[in-house]
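The values are calculated or read from the model by the stated rules, or taken from the named source; none is laboratory data. Keep in mind the model is a prediction, meaning the values are calculated, not measured. Please note: Cβ atoms are built from the backbone with ideal geometry, for glycine as well, and neighbour counts cover all protein chains shown. The area values use the complete protein model at the heavy-atom level, side chains included, leaving out ligands, DNA and RNA. Shrake-Rupley method; radii C 1.70, N 1.55, O 1.52, S 1.80 Å.
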Amino acid sequence: MSNARDQVQRLLALVPYLRENDGARVDDVAKEFGVRPRQIIADLKVLWFCGLPGAQMGDLIEIDIEAAEGDGVIHINNADYLARPLRLAAAEALALLTALRTLREVTAGPDRDAVDRAIAKLECAAGEAAAASEGAAAHVHVEPAAPEIAAIVNRGLAAKQRLHLTYDVPSRDETTERDVDPMRLVVSEGRTYLEAWCRLAEDVRLFRLDRIAAVKLLDLPSEPPPEATPRDLSNGMFQPSEQDLLATLQLAPPARWVAEYYPNESVEEGPDNSLIVKLRVADTAWLQRLVLRLGGTATVLDPPDLSTQIAATAREALSAYDDQLSPG
């Protein structure tokens, strides 16, 4: 079975391959790309309608499909422009170099050497855009992890071996021990996360590398179960779930930005130009910190017990200041 993504990747490699191997047999091409001959025929029919933007019918790639049927051979024409070296626009080179420099911060060993070589080659080809990317990369901050931690995590990913983590959870003020099957590294909002199947939680979890206190490579294979699929992070790192607590906040004008910054269920206008926002919360400690940080411009309307708890925490914090300021 070949999905759309697989087909696009194959088409990008198929054209230069056929230009270098004119007259190649369908069966041989299919073996080279690891698909069935009929899939190659389907790919060729797609290529028939491909070309540069704005191209007319006579400018599109030409494929000799009739000769390619069955055990025939393939001829491709009108694709000479694909022989020209790839040229990146300044903005494209800038984006690619910035991404590579960010990637360098989360790799170790041979992988980092490969990234360094790619950066050097791209800098040479990009010219002035390379210098601009250094300034842009300076504004891309990636929270560093201990080099020895990153190295072992990368080894576990490369060798597909299970890891034992000693992991700090600041929101619960605790340190946990757990075995995980590593799946991938992701970078979001300046922090690097290991996505893995956690055998303690029996679910996919994200672990911040800078919160891994210790890691050990186990002599066991990494075997995430079939249901352990990578999360779709296109809408952000953390996404609400129906199982999360539904909290209602009243946001005064200085705190209205919260409704735009965090995913929420609904937003309504409240009294005195405030907003009434309902949002899902997986960690009530996070919500407490947010409300306290907003300094009185946010009020928890529901659930009532959470509002009471936040008020008690605020009074406790204020009393600590009173003790420090009291005479003697």
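The numbered conditions (1) within 15 Å of Ala298 (Cβ to Cβ); (2) of a type outside the set (Phe, Trp, Tyr); (3) under 26 Å from the mean Cα position of the chain (by Cα) are all true for Arg205 except (1).
Please go through the stretch 38-58 and pick out each residue that is at pLDDT 80 or above and open to solvent by less than 50 Å² (accessible area, probe 1.4 Å). Once the filter is applied, which keeps residues that are at pLDDT 80 or above and open to solvent by less than 50 Å² (accessible area, probe 1.4 Å), the stretch 38-58 yields Gln39, Ile40, Ile41, Ala42, Asp43, Leu44.
For Val106, are the conditions met, namely being modelled with pLDDT under 80, surrounded by 13 or more Cβ atoms within 10 Å (Cβ to Cβ), in contact with a Lys or Arg (Cβ under 8 Å, 6 or more places away or on another chain) and not in a helix (DSSP H, G or I)? Against the criterion (modelled with pLDDT under 80, surrounded by 13 or more Cβ atoms within 10 Å (Cβ to Cβ), in contact with a Lys or Arg (Cβ under 8 Å, 6 or more places away or on another chain) and not in a helix (DSSP H, G or I)), Val106 does not qualify.
Among the residues of the stretch 247-282, the ones that are open to solvent by 50 Å² or more (accessible area, probe 1.4 Å) and under 18 Å from Thr308 (Cβ atoms) come to 1 in all. The set of residues from the stretch 283-316 being closer than 14 Å to Pro254 by Cβ, open to solvent by less than 20 Å² (accessible area, probe 1.4 Å) and in a helix (DSSP H, G or I) comprises Leu290, Val291. Yes or no: Leu200 at pLDDT 90 or above, outside any strand (DSSP E or B) and either charged (D, E, K, R) or open to solvent by 70 Å² or more (accessible area, probe 1.4 Å) (or both)? Yes, satisfied. Scanning the stretch 139-153 for residues that are modelled with pLDDT of 80 or more and either touching a strand residue (DSSP E or B) at 6+ places or on another chain (Cβ under 6 Å) or open to solvent by less than 70 Å² (accessible area, probe 1.4 Å) (or both) turns up Ile149, Ala150, Ala151, Ile152, Val153. Select from the stretch 1-12 the residues that are open to solvent by less than 50 Å² (accessible area, probe 1.4 Å) and over 13 Å from Ile76 (Cβ atoms) and list them in ascending order. The answer is Ser2, Gln7, Arg10.
Against the numbered list (1) at pLDDT 80 or above; (2) more than 22 Å from Arg5 (Cβ to Cβ), Ile76 comes up short only at (1). The lone criterion from (1) loosely packed, with under 11 Cβ neighbours inside 10 Å; (2) modelled with pLDDT of 80 or more; (3) more than 30 Å from the chain's Cα centre (by Cα) left unmet by Gly34 is number (3).
Step by step: first the residues of the stretch 203-240, then only those that are modelled with pLDDT under 85 and hydrophobic (A, V, I, L, M, F, W, C), then the one that is farthest from Arg155 (Cα to Cα). Which residue is that? Within the stretch 203-240, the match that is farthest from Arg155 (Cα to Cα) is Phe238.
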